[in-house]
Amino acid sequence: MYLKTSLLVLILLLVGQRCHGELYTALADMEELLETEAVLIRTLEGYIDAQENKLRLLKRFAAEYAKEHYEASQDVQLYLSNPINAYLLVKRLTTDWKEVEATMLDDVGLGFVENITSYREVLKFPSDEDLNGAAVALMRLQDTYKLDTASVARGELNGVQYSTALSAGGCFELGRQSYNNGDFYHTVLWMTEALQRYEEERNKTTVKSDILEYLAFSMYQQGNVHSALQLTNELLEIIPTHQRALGNKVYYEAEIESKSGQHRRGEDGSTNPLDEAYTVAEKKSASIPHDDSAKVKDPVDSHARERELYEMLCRNEITLPASEQAKLKCRYVDNGNPFLKLARVKEEEAHLKPRIVIFHDIIYDSEIETIKKLAQPKFRRATVQNYKTGELETANYRISKSAWLKAEDDPKIARVNQRVEDLSSLTVETAEELQVVNYGIGGHYEPHFDFARREEKNAFKSLGTGNRIATILFYMSDVHQGGATVFPAIRVSLWPKKGSAAFWFNLHPSGEGDYLTRHAACPVLTGSKWVSNKWLHEVGQEFRRPCGLDKDAE
């Protein structure tokens, strides 16, 4: 009905422009009406063709969305645990859906768009910021786990095929997000992949000139002026009047000319660099020895070294030497606790100094499900403490959502707290609430200390319970790939295993911080990582863990 009304209005408008009087009184005038009718028919046919083309496009979108949605609905957690699927879901609901809305925004589609607008009031829609975050997460995974760009585009992560391939448009969007972040290295990688996929695709939905423009400028920003010029020339073959490309071409040629005197061609018959095909080299990590013989004093070099160690541990490329592993033991323990004498605990040593242990089968599935259920409505973006102000704030080096649960929230929370006390022999009366954390796409937490350093005067001041003396970290899910807890200084990686928990002291008996406990949560490559942790504080532990005058006292 709406379509018929629109057509009637269109016809009346066109006819009204030609009919100024009683045309039926003269054949000559009636003959002109045939010309009007011909125009109307052509206009109507054009309108119908446009509507049919629009409907075909919308049907294609609907079919693609329905296919992906059906696949996701078979196992929501498995589907979303794949970061590529998660990225594509965000992409579909941001840039792709904007294209759908633009197609629908006419007389026929207006009512539907109004409905969509009302849906935004009651349903969750990702923002442009979410899209950017998802893209950055994929870049983080790509770098940390040394993932080849083409493999990721195929939906292959660490040799395992998880999902359908990215289209040229999907690769282009990753490159565009990297470009907007000033990350020209990843822009080059993903625009190059987008260009290759564009050439292979039959139904092309991406504009080649856009890919070339982004790629050329990013090549220039990476210092590859010759490739930038080559790509710009290719762009100008498609759009000879492209103003930015014309300006860039002049600039690139001038820069190459200015450097030509500095880099003369040899007499070995080598080809002109302008004729060479452009290539993209992905970053390779330097190898790091297993010993500490090459320690660096420069803070920048030290940070880079730690970062390299952190990523190598995440990839499981470094393990403790066999001589150290031979000293580690597994045992049943009761810690002198009467209750644990009846139900001894499986303890595995992960490191001796500092002593890090893993308790196995220590938290039950029913407790895990209750903790998850209670935490999800309270989830907020995880924060870190500003060491200068003591205030909590978000940071790009901690990507997760967290919630805090009290013992009175549920009897199972109280039981978990009591178990922490039994395992640690420390009181939980002065401990922080149980923190529950879920890591999202590429979720991670870069190297950090759990305890406050001397310069952090305001840390935990509001709690009035002293520094964090110990940490217990419960693993509430298995993780398919990635997600390890790593300690770069001691080369230790702890891999998530549902039902287990890691425990370590953050402070020496003297109260000094143990800097070897600096640790990180590796990005989750595939799967969903759920953890909960309890931070135990100094106050109340005076008789449970007496202070030692020697920093290394046990």
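Annotations for the structure displayed:
- Once the Cβ-Cβ distance of Asn180 and Phe125 is raised to the sixth power relative to R0 = 35 Å, the FRET efficiency obtained is 0.95.
- Given their separation in residues at 0.36 nm each and the Cα-Cα distance between them, Cys330 and Asn158 gain 58.8 nm when the chain is fully extended.
- With a Förster radius of 25 Å applied to the beta-carbon distance between Lys497 and Leu80, the computed FRET efficiency rounds to 0.75.
- Simple spin-label estimate for Asn337 and Asp410 in nanometres, 7 Å along Cα-Cβ: 2.0
- Among the listed pairs Lys124/Lys406; Lys59/Lys124; Lys146/Lys249; Lys91/Lys208; Lys54/Lys146, those with a Cα-Cα distance over 30 Å are Lys146/Lys249; Lys54/Lys146.
- Two-site FRET efficiency, Met104 against Phe449, from Cβ-Cβ distance with R₀ of 45 Å, rounded to 0.05: 0.30
- Distance between the modelled labels on Arg307 and Lys259, one decimal in nanometres: 2.4 nm (7 Å Cα→Cβ projection).
- Ile472 long-range amide H proximity, modeled H, under 5 Å: Lys534, Leu536
- Shown for the range 459-502: the carbon plus sulfur share of the solvent-accessible area, taken with all protein chains present and a 1.4 angstrom probe, equals 52%.
- Net charge contributed by nearby residues that have their C-beta within less than 13 Å of Glu421 (K/R +1, D/E -1): +3
The values are calculated or read from the model by the stated rules, or taken from the named source; none is laboratory data. The shown structure was predicted, so the numbers you read here are calculated from the model rather than taken from an experiment. Glycine gets a Cβ as well: all are built from the backbone with ideal geometry, and neighbour counts include every protein chain shown. The protein model used for the area step is the full one, side chains on, heavy atoms only, and it has no ligands, DNA or RNA in it. Shrake-Rupley method; radii C 1.70, N 1.55, O 1.52, S 1.80 Å.
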